[in-house]
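In what follows, a structure is listed as structure tokens, so that the remarks can point back to it.
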2 protein chains.
Amino acid sequence: MTTASNRAFEIIRAQILNGGFAGGMHLKESELTELCGVSRTPVREALRRLAISGLVVFTPHQGAKVVALESGEIDEIYALRAMIEGHAANRAALRITDPMLRQLRRLALDMETAIAGNGADRAEAFLSANREFHAIIMAAADSARLGAMAALVIDVPLTLRTMSRYSEPELARSMRHHRELISAFEARDGGWAEAIMRSHILAASHALVRNTPLEVKGPATESAA
Amino acid sequence: MTTASNRAFEIIRAQILNGGFAGGMHLKESELTELCGVSRTPVREALRRLAISGLVVFTPHQGAKVVALESGEIDEIYALRAMIEGHAANRAALRITDPMLRQLRRLALDMETAIAGNGADRAEAFLSANREFHAIIMAAADSARLGAMAALVIDVPLTLRTMSRYSEPELARSMRHHRELISAFEARDGGWAEAIMRSHILAASHALVRNTPLEVKGPATESAA
DNA sequence: TTGCCCACGATTGTATACAATAATGCCCTC
DNA sequence: GAGGGCATTATTGTATACAATCGTGGGCAA
């Protein structure tokens with residue numbers, strides 16, 4: 001069984017990511033208490049952790065507010081993601097194990113079939129596999145501190161609904177990036193892996209910016225990068 | 001007046017950085033309570049923040065332990081610092097203001113005179129100016145998230161006493177890096193600034209590793225990078 | 001009417017009491 | 001005598017009560 005603090009963290013985080021808590025909204029500890037079914041103490045701990053993750057901002061004696069991203073910040077976040085995930089890919093290329101490589105190949109196939117199909121859960125299957133793909137690379141990089149940094153910039157873009165904004169050519173390019181990443185890993189070439197990963201993230205960034213309406217709203221999924 | 005939580009954070013952090021708490025030491029909340037003169041609640045918050053900063057590690061129902069760095073981790077941390085501060089220098093080059101540039105020039109002079117002199121506070125003066133020099137660049141980068149990432153890898157090397165390990169040629173090279181950074185900023189050349197900053201951090205890393213005895217002990221100051 | 005000041009309410013910050021969990025040492029069994 | 005299981009105890013996790021602080025509204029004066 002997990003701790004009450006963890007439950008509170010997950011519940012509040014999910015609410016923010018799926019849009020239940022709008023950007024800029026003031027989060028009152030007493031309200032979160034009844035939402036999560038725990039007392040204020042674990043709620044407070046959860047809020048501090050969310051503040052570290054960049055999902056809420058904290059001001060003394062005024063509590064927590066859900067972050068409201070400006071368009072400039074989105075560029076900034078994707079630039080940081082490119083830096084961090086690029087570095088992770090470089091490390092991963094030198095450390096990845098064969099079982100991990102097999103998993104990557106399978107996930108790449110999963111994504112390609114998800115794209116080719118047309119079921120209702122098409123997007124969900126794709127995003128799930130994509131998330132795992134990137135998670136495996138971070139795991140292969142094998143650096144706790146790098147993982148902590150990634151957490152600072154991975155969560156936030158999730159507040160944007162992006163999957164539906166990718167055109168077919170953009171998705172195809174994303175697939176090619178995945179395949180080329182695997183090739184770079186097979187060659188154990190850190191520089192190649194890093195370059196492709198950077199391209200992958202930055203391409204996603206531009207696809208997002210170009211297709212994003214001014215006001216971002218609605219239940220969110222996550223970036224396809 | 002600051003909050004009790006902040007006081008506890010600063011007190012415990014200082015104890016870790018100056019070596020009062022040895023690596024691997026188990027930090028009991030009740031003991032920290034009497035050390036800091038506050039109750040357990042703010043102590044707990046302080047410990048969580050320290051865990052985020054990478055200075056302590058947390059395991060459920062077992063509390064906090066001061067981190068014990070292995071030699072491999074030091075390389076990893078310096079690689080991350082090179083990545084982050086390099087990126088910060090790149091951004092800073094495009095955003096830095098003239099007053100900030102003037103400050104950098106003054107601090108570079110301060111460091112050079114500190115090195116040239118031979119007073120007892122020689123090292124202290126140098127390190128203080130050096131810290132401010134890097135802080136200004138981070139501020140000029142103007143990215144809260146990047147600052148948060150930097151915090152993950154700036155604090156930890158402080159647990160190592162490094163200043164005394166730099167040879168004269170190494171210090172001279174460090175000074176040249178500072179001057180060249182200023183030149184890159186004046187030219188508003190992000191790529192140049194990033195390259196020099198990476199060199200600066202990585203050079204410091206190797207100077208450290210080469211001069212570090214196997215067991216690192218004693219009151220700590222901070223890295224000269 | 002408008003601006004400022006004070007008091008009130010709401011909300012966060014802190015302390016302490018209680019519950020739950022994990023480490024430790026002892027005793028029993030083999 | 002050694003190993004494992006159980007009870008004890010120390011330590012962390014949680015809840016709640018209290019204190020401090022900030023925003024807000026009303027009232028008073030210019």
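Every number in this text was worked out from the coordinates using simple rules, so none of it is lab data. Bear in mind that the values here come from a model prediction, so they are computed numbers and not experimental data. Backbone-built Cβ (ideal geometry, glycine too); neighbour counts: all protein chains shown.
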Most mobile of B:P60, B:P99, B:P42 in a GNM of chain B (Cα contacts under 10 Å): B:P60
message: I want to verify a result. In a Gaussian network model of chain A, Cα cutoff 10 Å, which of these has the top mean-square fluctuation: A:N130, A:N118, A:N18?
response: A:N118
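What's the exposure ranking of B:S71, B:S183, A:S199, going from fewest to most Cβ atoms within 10 Å?
Ranked by crowding around the Cβ, least crowded first: B:S71, B:S183, A:S199.
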- request: May I ask you to evaluate 6.51 cos²θ - 1.76 cosθ + 1.60, the Karplus curve with θ = phi - 60°, for each residue of region A:22-32 and list the ³J(HN,Hα) values in order in whole Hz, giving x for glycine and proline?
  value: 6, x, x, 5, 7, 9, 8, 4, 5, 5, 4
task: Could you line up B:D142, A:D98 from fewest to most neighbouring Cβ atoms inside 10 Å?
output: A:D98, B:D142
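Taking square-rooted eigenvalues a ≥ b ≥ c of the alpha carbon gyration tensor, is chain A rounded, prolate or oblate, where a/c under 1.5 means rounded and, failing that, a/b exceeding b/c means prolate? All intermediate terms of the calculation are to be shown ahead of the outcome.
Numbers: a/c = 1.91, a/b = 1.59, b/c = 1.20.
Prolate shape, in that a/c is at least 1.5 and a/b is the bigger ratio.
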statement: Calc'd 3J(HN,Hα), region A:76-85, phi into Karplus 6.51 cos²θ - 1.76 cosθ + 1.60 (θ = phi - 60°), Hz, glycine/Pro = x, comes to 4, 5, 5, 4, 5, 4, 4, 4, 6, 5
- line: Given unit charges at Cβ for Lys, Arg (+) and Asp, Glu (-), the dipole magnitude of region A:1-101 about its Cα centre in debye, nearest 20, is 340 debye
query: Given a Förster radius of 25 Å and the C-beta distance between A:S39 and B:T2 as r, what FRET efficiency does 1/(1 + (r/R0)^6) yield to the nearest 0.05?
result: 0.45
message: I want to verify a result. In a Gaussian network model of chain B, Cα cutoff 10 Å, which of these has the top mean-square fluctuation: B:A64, B:A135, B:A150?
response: B:A135
task: Report, in deg cm²/dmol and to the nearest 500, the calculated mean residue ellipticity at 222 nm for chain B, where each DSSP H run with n ≥ 4 adds -39500 (n - 2.57) and the sum is divided by the residue count.
output: -22500 deg cm²/dmol
message: Between B:Q62 and A:A195, what is the label-point separation in nm under the 7 Å Cα-to-beta-carbon projection?
response: 4.4 nm
query: Relative contact order for chain B using alpha-carbon pairs under 8 Å, separation at least 6, rounded to a whole percent?
result: 27 percent
task: With a ≥ b ≥ c taken as the square roots of the eigenvalues of the C-alpha gyration tensor of region B:4-66, please select rounded if a/c is under 1.5 and otherwise prolate if a/b is larger than b/c or oblate if it is not?
output: rounded
message: Helix A:98-116 against the longest principal axis of chain A: what's the angle in degrees, Cα atoms only, rounded to the nearest 10?
response: 80 degrees
- line: Fewest to most Cβ atoms within 10 Å: A:H61, B:H178 sort as A:H61, B:H178
task: Using only Cα atoms, locate the centre of region A:92-134 and the centre of region B:163-207, then give the distance between them in Å, rounded to an integer.
output: 42 Å
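Classify the protein assembly as shown: rounded, prolate or oblate, from the alpha-carbon gyration tensor (a ≥ b ≥ c, eigenvalue square roots; a/c under 1.5 rounded; otherwise prolate if a/b is larger than b/c)?
Working: a/c = 1.69, a/b = 1.26, b/c = 1.34.
Judged from the Cα gyration tensor, the protein assembly as shown comes out oblate (a/c at least 1.5, b/c at or above a/b).
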field: ³J(HN,Hα) computed for each position of region A:127-142 - Karplus, 6.51 cos²θ - 1.76 cosθ + 1.60, integer Hz, glycine/proline x
entry: 5, 4, 5, 4, 4, 5, 4, 5, 5, 5, 5, 4, 5, 5, 5, 6
